[in-house]
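I have placed the structure first, in the form of structure tokens, so that the comments after it can refer back to it.
The values are calculated or read from the model by the stated rules, or taken from the named source; none is laboratory data. Because the structure is a prediction, the values reported are computed rather than measured. Neighbour counts run over all protein chains shown; Cβ positions are idealised from the backbone, glycine included. Heavy atoms of the whole protein, side chains included, go into the accessibility calculation; ligands, DNA and RNA do not. Shrake-Rupley method; radii C 1.70, N 1.55, O 1.52, S 1.80 Å.
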Amino acid sequence: MHNWESFFHYTIAMIARMQATWTVLLLLGAAFWVAYAAQRSWTLAGGGIALGALLYLVVMALQFSLMQRVNAADPAPRARPLQVLRAWWAELGVALHVFCWDQPFRSRAEPDWLPTAPTGRRGVVLVHGFLCNRALWRLWFAPLRAAGHAHEAVNLEPVFGSIDDYAPTIEAAVQRVQAATGMAPVLICHSMGGLAARAWLRACAGDQRAQHVITLGTPHRGTWAGRFSRVVNGRQMALDGDWVGNLSGAEPPGRAALFTCWYSNCDNIVFPASTATLQGADNRLIAGVAHVEMARRPEVLQGCLALLARAGDFEAKV
């Protein structure tokens, strides 16, 4: 096995193992509780499980409540109460599926696709965000391949390290996709992945080697919730913090024209909403959509496929 392949499988295991362990512990805890409490009362057993589920609902509701309050002073269109309620309900299911099934147990289910002969279509590098791995993009692999787009989904390591340290991983993926297609790839990035792509542009002189960068819910100016983080990459995403400020200050004029930025007024992780935009970029509001849900919305996927189909239109911006 080649060195990069060994590294690829190792990094998947690192991220997936952490989430698999958490999921198994939750299930075992629930099973032990039911076995213990049922000896006394099935009502007690069911009540404990219901209390755990209620705690999950409340924590997620708190995120959306804070989001709506902070967004009140943001220039982006404010979400209606029913939009917030729908986004909350959708994110409950999406987050469980992504963090407790896809990422822990299905991260190796579909391989990257780097065809031996160019298809004539532009390739894609997929970059996940904080506490995620390549399985975030599982729903994207088949449509990308069907449309002839070679693709590689990276895993960003170390999980809680500096965003600057992810540049070599992205650089290696860009080189492999370009070798497979003969063309500069498009980078599609969710959340922190968009900041990692900007850090790669800075570190590796990537402006002439990335044909376009598409970000989904990326905290380009940081996020309000970043103030509570105690890990390196979390602190770097503090709202208007030093790291994001230095990143913006190092970027040349016109860099934002390389970007298309999807953002939402119901993003429960990246808020205020306009922090997910860049001045001078093609900023696209998708109203009423939550943070992880954004990477699973059919209209976002189709919008990105449409951008890839007309990738030649961006040549003047590269």
- prompt: Quick check: anything in region 155-165 buried (at least 16 other Cβ atoms within 10 Å of the Cβ) and under 17 Å from C304 (Cβ atoms)?
  reply: no
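Conditions tested, residue by residue: (1) outside any helix (DSSP H, G or I); (2) under 23 Å from A87 (Cβ atoms); (3) open to solvent by less than 40 Å² (accessible area, probe 1.4 Å); (4) of a type outside the set (G, A, S).
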{"site": "L25", "(1), (2), (3), (4)": "no, no, no, yes"}
{"site": "A31", "(1), (2), (3), (4)": "no, no, no, no"}
{"site": "T43", "(1), (2), (3), (4)": "no, no, no, yes"}
{"site": "I49", "(1), (2), (3), (4)": "no, no, no, yes"}
{"site": "L55", "(1), (2), (3), (4)": "no, yes, no, yes"}
task: Scan region 151-168 for residues that are touching a residue at least 60 places away in the same chain (Cβ under 8 Å) and assigned to a helix (DSSP H, G or I) and jot them down.
output: I163
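Answer with yes or no whether V300 is touching a Leu at 6+ places or on another chain (Cβ under 7 Å) and either in a helix (DSSP H, G or I) or at pLDDT 95 or above (or both). Write out each step before concluding.
On the way: touching a Leu at 6+ places or on another chain (Cβ under 7 Å): yes; either in a helix (DSSP H, G or I) or at pLDDT 95 or above (or both): yes.
Judged against the criteria, V300 is a match.
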query: From the set of residues in region 255-285 that are open to solvent by 50 Å² or more (accessible area, probe 1.4 Å) and in contact (Cβ under 8 Å) with a residue 40 or more places away in the chain, which is nearest to T215 (Cα to Cα)?
result: L285
- prompt: What is the one condition in (1) out of contact with any His (no Cβ under 8 Å at 6 or more places or on another chain); (2) among the β-branched types (V, I, T); (3) under 19 Å from L305 (Cα atoms) that T169 does not satisfy?
  reply: (3)
task: Kindly list, by first and then second residue, each pair from a residue in region 61-84 that is open to solvent by 40 Å² or more (accessible area, probe 1.4 Å) to a residue that is in a loop (DSSP other than H, G, I, E, B) and modelled with pLDDT of 95 or more, limited to pairs with Cβ atoms under 6 Å and residues at least 6 apart or on different chains.
output: Q63/N268; P77/N265
task: May I ask you to list the residues in region 111-129 that are open to solvent by less than 50 Å² (accessible area, probe 1.4 Å) and either among the basic types (K, R) or out of contact with any Leu (no Cβ under 7 Å at 6 or more places or on another chain) (or both)?
output: D112, W113, P115, R122, G123, L126, G129
- line: Reported set for region 227-254 where residues are out of contact with any helix residue (DSSP H, G or I) (no Cβ under 6 Å at 6 or more places or on another chain), loosely packed, with under 14 Cβ neighbours inside 10 Å and of a type in the set (G, A, S) is G245, G249, G254
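Residues in region 142-153: is at least one among the aliphatic types (A, V, I, L, M) and at pLDDT below 95? Before the answer, list the steps.
Within region 142-153, the subset among the aliphatic types (A, V, I, L, M) is 142, 144, 146-147, 150, 153.
From the residues that got through so far, the ones that are at pLDDT below 95 too are none.
For region 142-153, residues among the aliphatic types (A, V, I, L, M) and at pLDDT below 95: absent.
Can you confirm whether region 61-71 contains a residue that is touching a His at 6+ places or on another chain (Cβ under 6 Å) and not in a loop (DSSP other than H, G, I, E, B)? Please lay out each step first, then the result.
Keep residues of region 61-71 that are touching a His at 6+ places or on another chain (Cβ under 6 Å), which gives none.
No, there is no match, as no residue in region 61-71 is touching a His at 6+ places or on another chain (Cβ under 6 Å) and not in a loop (DSSP other than H, G, I, E, B).
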- prompt: In this structure, does A273 turn out to be of a type in the set (A, V, I, L, M, F, W, C) and within 19 Å of C132 (Cα to Cα)?
  reply: no
- prompt: Pairs, please: C-beta under 6 Å, at least 6 apart or cross-chain, first residue surrounded by fewer than 24 Cβ atoms within 10 Å (Cβ to Cβ) and in region 131-150, second of a type in the set (D, E) and not in a helix (DSSP H, G or I)?
  reply: F141/E110
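Could you say which residue among V127, V70 is at negative phi, in contact with a Phe, Trp or Tyr (Cβ under 7 Å, 6 or more places away or on another chain) and β-branched (V, I, T)? It would help to see each step written out before you state the result.
Numbers: V127 fails: in contact with a Phe, Trp or Tyr (Cβ under 7 Å, 6 or more places away or on another chain).
After applying the criteria, what remains is V70.
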